[in-house]
1. Out of L70, L18, L54, L45, I need the residue that is under 20 Å from T178 (Cβ atoms) and either touching a Phe, Trp or Tyr at 6+ places or on another chain (Cβ under 7 Å) or touching a residue at least 12 places away in the same chain (Cβ under 8 Å) (or both). Which one?
2. Within the range 276-284, does at least one residue satisfy the condition of being out of contact with any Cys (no Cβ under 6 Å at 6 or more places or on another chain), more than 13 Å from the ligand (Cβ to nearest atom) and not small (G, A, S)?
3. Within the range 210-230, which residues are surrounded by 13 or more Cβ atoms within 10 Å (Cβ to Cβ) and part of a loop (DSSP other than H, G, I, E, B)?
4. Please indicate, with yes or no, whether at least one residue in the range 159-175 is touching a residue at least 40 places away in the same chain (Cβ under 8 Å) and in contact with a Lys or Arg (Cβ under 8 Å, 6 or more places away or on another chain).
5. Going through A39, A57, A49 one at a time, which residue ends up being touching a Gly at 6+ places or on another chain (Cβ under 6 Å), closer than 23 Å to N127 by Cβ and of a type in the set (G, A, S)?
6. Give the residue that is surrounded by the most Cβ atoms within 10 Å (Cβ to Cβ), with candidates limited to residues of the range 108-117 that are touching a residue at least 60 places away in the same chain (Cβ under 8 Å) and more than 8 Å from the ligand (Cβ to nearest atom).
7. From G120, G110, G153, G141, which residue is under 14 Å from the mean Cα position of the chain (by Cα) and over 20 Å from N209 (Cα atoms)?
8. Criterion first (among the charged types (D, E, K, R) and within 14 Å of the ligand (Cβ to nearest atom)) does D231 satisfy it?
Amino acid sequence: MADAPVTLSEHVVSQQALLPTEHARGVAAVVGRIGRVAAVIAQELAHAALRDRLGYAGGTNVSGDEVKKLDVWGHETMLAGLRASGGVAAFISEESKDPIEIHEAGGARGLVVCCDPVDGSSNLDVNSPVGTIFSVRPSRGRIPAGPAALGPGTEQIAAGYVMYGPATVLVYTVGQGTHGFSLDPETGEFLLTLPDIRIPRRGTVYGINEGNFYSWHPGQRAFVEYLRTPDKADGRPYSLRYSGAMVADVHRTLLHGGLFMYPADFSDPAKPKPKLRLLYEVAPMGFVVEQAGGRASTGTGRVLELKAEEYHQRAAVILGSPDDVEMAEQFYRRGT
Ligand code: FDP
C-alpha cells in the first residue's frame, strides 16, 4: 500500500531538528499557520468575484501602489493568523508603513515575519495567478522587534511562498533544501508533492518585463539581447515567459530553470530605481532559490547579503539557474 502523503504540519515538525533549538517550535507554528491562512486566502480568491471583493479599496500603500480590496483583506487575515500562532513578535507587511509589534509574543524566542500577503495583485482582476511571500527572522529579544528584520537576508531562518494558480502550492525552506506542497481543497491540508526541489543548472526560459528594456543598465540590455540571439549549439534563443506576478514567475523558474529578473530602472544612472521589495519579496525568494541550488543576485552581488535600511526598501534581482545567473553577472561586469 502506498504511504500516506506527508502533510505540511508533519514536514515542518520533521524539520524542527534542523533549526536553532530556541526557534524550532516557533518556526513550525508560524509556517503551519501560514499554510492555514493560505488555504483561507485560496478560498477567498475563488469566491472574490462573487462576493464583490475585486477592485480597488481606495488609497495607496507606502510604496505608492494602489491598494486593492483583497490586499487589505489579505493583510488583516495574515495578521490575525500570525497573532494566533503565539510566536510572532513583529509583523512587517507590504500593507503597513510601520512594523506591527505583537507584544504578547516578545522575548528571545519571538519571531519577526515579513510578508506580502497578496503579491502580484494587478493580476487579480483578470483571474491570473497571485501569491503570498513570507520571510521569518529571529527577534533576539529586541524591543521593539521590527528592526531585527533589517539585517542581511542570511539571517532568515525560514522563507517561502504560496502560489494561487490552477492548484494552490506552498514552497518553503528552513535552510535545508526547498520543499513544495499542494493544497487538497477537500481537506484544506497541504500535502508534500515536490520534495527537495533542485533547480536545473541552466535553463531555456527567461522572465522579465521587457517593456522596460530602454531603462535598463547597459549590461542588462546586452544580456537580454544575448539570450534572444539564435545559436542552436548553445541552446539560444531562450523563450520569454512573464506572468506579472513574482510568485508565478519564480515558481516556474524553480521547477524548469532559467531566469526571473526585475532589474533597476537606470534612466538616471546616478539614482538606479529598483521595484521589488527586499524584505518580503527579494530576500525570501533568494533564500528559497539558493536552497534549491540556484542563485539570486542583484547583477553585482548576492541578494542575501543586502542589508535593509528601511522596511520597504527595494532591490534589483536576477535569480534562477546558477549558470544563467553567473552569465548575467558577467554582462553586468562588462557593462555592455
Ligand atoms: P504587483 O505590482 O502586481 O503587486 O510586487 C510587485 C509585483 O506585482 C510582482 O509580483 C511582479 O513580479 C511585478 O510587480 C510586476 O511588475 P511589472 O508590472 O512592472 O512588470
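A short reminder: the numbers here are calculations on the coordinates, not readings from a lab. Every value quoted in this text rests on a predicted model; they were computed, and no experiment measured them. Note that we place each Cβ from the backbone using ideal geometry, even for glycine, and neighbour counts take in every protein chain shown.
1. Criteria check complete, one pass: L18.
2. no
3. Residues satisfying the conditions are W216, H217, R228.
4. At the first step, the residues of the range 159-175 found to be touching a residue at least 40 places away in the same chain (Cβ under 8 Å) are 159-165, 168-175.
Within this subset, residues satisfying the condition of being in contact with a Lys or Arg (Cβ under 8 Å, 6 or more places away or on another chain) are none.
Looking through the range 159-175, none of the residues is touching a residue at least 40 places away in the same chain (Cβ under 8 Å) and in contact with a Lys or Arg (Cβ under 8 Å, 6 or more places away or on another chain).
5. Details: A57 fails: touching a Gly at 6+ places or on another chain (Cβ under 6 Å); A49 fails: touching a Gly at 6+ places or on another chain (Cβ under 6 Å).
Step by step, each of A39, A57, A49 is checked, and only A39 is touching a Gly at 6+ places or on another chain (Cβ under 6 Å), closer than 23 Å to N127 by Cβ and of a type in the set (G, A, S).
6. As a first pass, look at the range 108-117 and keep what is touching a residue at least 60 places away in the same chain (Cβ under 8 Å): 108-111, 113-117.
Remaining after also requiring more than 8 Å from the ligand (Cβ to nearest atom): 108-111, 113-115, 117.
On the way: A108: 12, R109: 18, G110: 26, L111: 26, V113: 28, C114: 28, C115: 26, P117: 30.
Here the residue is P117.
7. G153
8. No: the conditions fail for D231.
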